[in-house]
Amino acid sequence: MNAIDFSPLFRTAIGFDRLARLMDNARTVSEGNGYPPYNIEKTGDDSYVLTMAVAGFSENDIEITAQENTLTIAGRPQAQPEDGRRFLHRGIAGRAFERRFVLADHIVVEGADLANGLLHVALKRVVPEALKPRRIQIQGSRPALASEATPAQAA
């Protein structure tokens, strides 16, 4: 096991404990199987497309769930009657799957499309206005208010 020691980071930074969990999850996910294969593509400054090869699955066989910072894509194929078919070679996998993706903060799922055996999930970073940088106007020195005036000035 090649665990990374984040303790020096934790001594000087606050709130990065989630980073350690992400690194742990990434390590365990990379050790899993590669089914179904997928691509993650950056299509703009704040937009992404996740493309997953799901040949043999229909829209009704796939469930996409976004909860907190996790995107889950699960496929459960409908039972296909064999109808006396005999396969000499069966290379198209039709088994159930579940893939989990950790989403960065403020990433939302815009939609999904299934075409030609490829599932395309559109993702976009939407930063709330309250979290965007804003310029703070600097005020000049303000004149003293009447209530703040000294007794000598009031006379």
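The values are calculated or read from the model by the stated rules, or taken from the named source; none is laboratory data. In this text, all values refer to a predicted model and were calculated from it rather than measured experimentally. Reconstructed Cβ throughout: ideal geometry from the backbone, glycine too, with neighbour counts over all protein chains shown.
Being acidic (Asp, Glu), more than 21 Å from residue 110 (Cβ to Cβ) and in the same structural domain as residue 121 (by TED's automatic domain parsing) is a property that residue 98 has. Scanning region 127-147 for residues that are of a type in the set (A, V, I, L, M), surrounded by fewer than 10 Cβ atoms within 10 Å (Cβ to Cβ) and part of a loop (DSSP other than H, G, I, E, B) returns 136, 138, 145. Of the residues making up region 71-106, those that are modelled with pLDDT of 90 or more and not in a loop (DSSP other than H, G, I, E, B) are 71, 72, 73, 74, 75, 97, 98, 99, 100, 101.
Contact map, region 84-108: residues that are at negative phi and charged (D, E, K, R) paired with residues that are at pLDDT below 80 and surrounded by 10 or more Cβ atoms within 10 Å (Cβ to Cβ), Cβ distance under 9 Å, separation 6+ or inter-chain. Pairs shown: 99/29; 100/25; 100/29. Taking the listed residues 59, 63, 41, 68, the one that is among the acidic types (Asp, Glu), within 15 Å of the chain's Cα centre (by Cα) and more than 13 Å from residue 123 (Cα to Cα) is 68, with no other qualifying.
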